[in-house]
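Throughout, read-outs are computed from the coordinates displayed, never taken from laboratory work. Just so you know, these numbers come straight off a predicted model, no measurement behind them. Neighbour counts are summed over all protein chains in view; Cβ atoms, including those assigned to glycine, are modelled from backbone coordinates with ideal geometry.
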Amino acid sequence: MRRRIPRGVRVATLSLVLLFALTMFPACGGGDDQPPAIPHSTTQTDDAYCLGCHQSGAGGAKVTPHPTRTGCVSCHKPQS
Ligand code: HEC
Ligand code: HEC
């Protein structure tokens with residue numbers, strides 16, 4: 001005979017696993033306040049240079065959620 005796990009138990013287990021994951025990795029749970037590092041080389045560091053790509057999304061760059069901020073590199077650290 002096939003053993004059946006009650007649906008309610010499955011849902012509860014899944015919820016617990018999810019909750020655990022979100023607690024261990026807050027970055028996945030939204031409300032992420034850590035500015036992502038700059039994954040590409042930066043030949044300049046002025047805001048206009050950054051916005052040249054990140055305001056419009058030119059060349060596949062992600063559109064910044066905060067185009068009016070100044071001092072991009074004070075939060076977003078170049079990686080090299
Ligand atoms: C020539 C266009 C261009 C310029 C100029 C540019 N970027 Fe980018 N940026 C990109 C592209 C394309 C990506 C995504 C592809 C990648 O990872 O390289 C990216 C990715 C990023 C990311 C990662 C976003 C994420 O969610 O992981 C950050 C942060 C970032 N750039 C910040 C900056 C800052 C700060 C500057 C100014 C110093 C800047 N960029 C200048 C094109 C540009
Ligand atoms: C006060 C700190 C701060 C400044 C200044 C700042 N950022 Fe950010 N930025 C963040 C944080 C925190 C996040 C990630 C959370 C979010 O999306 O708001 C982020 C996210 C981003 C992303 C990723 C968006 C995505 O969809 O993943 C890009 C691109 C970006 N910023 C570009 C810029 C550019 C360009 C400037 C300068 C005009 C800038 N940021 C200035 C803090 C900052």
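Structure values in brief
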quantity: Cut-off under 5 Å, modelled amide H: who pairs with residue 38 long-range; calculated: 77, 79
quantity: Additional length obtainable on full extension of the chain from residue 33 to residue 74, 0.36 nm per residue less Cα span; calculated: 13.3 nm
quantity: Length-normalised contact order of the chain in % [C-alpha pairs under 8 Å, at least 6 apart]; calculated: 31 percent
quantity: Angle in degrees between helix 7-24 and the longest Cα principal axis of the chain, rounded to the nearest 10; calculated: 30 degrees
quantity: Ratio of Rg to Rh over the chain (Cα coordinates, Kirkwood Rh, two decimals); calculated: 1.29
quantity: Within the chain, helix-based [θ] at 222 nm, where runs of 4 or more DSSP H residues each add -39,500 (n - 2.57), nearest 500; calculated: -11000 deg cm²/dmol
quantity: With at most 11 neighbouring Cβ atoms within 10 Å, loop trypsin sites (Lys or Arg not before Pro) (DSSP) excluded, longest segment of the chain; calculated: 5-61
quantity: Value of relative contact order over region 35-80, rounded to a whole percent, pairs C-alpha under 8 Å and six or more apart; calculated: 57 percent
quantity: Karplus-derived HN-Hα couplings along region 45-54 (A = 6.51, B = -1.76, C = 1.60, θ = phi - 60°), whole Hz, x at Gly and Pro; calculated: 10, 7, 4, 4, 4, 4, 5, x, 9, 8
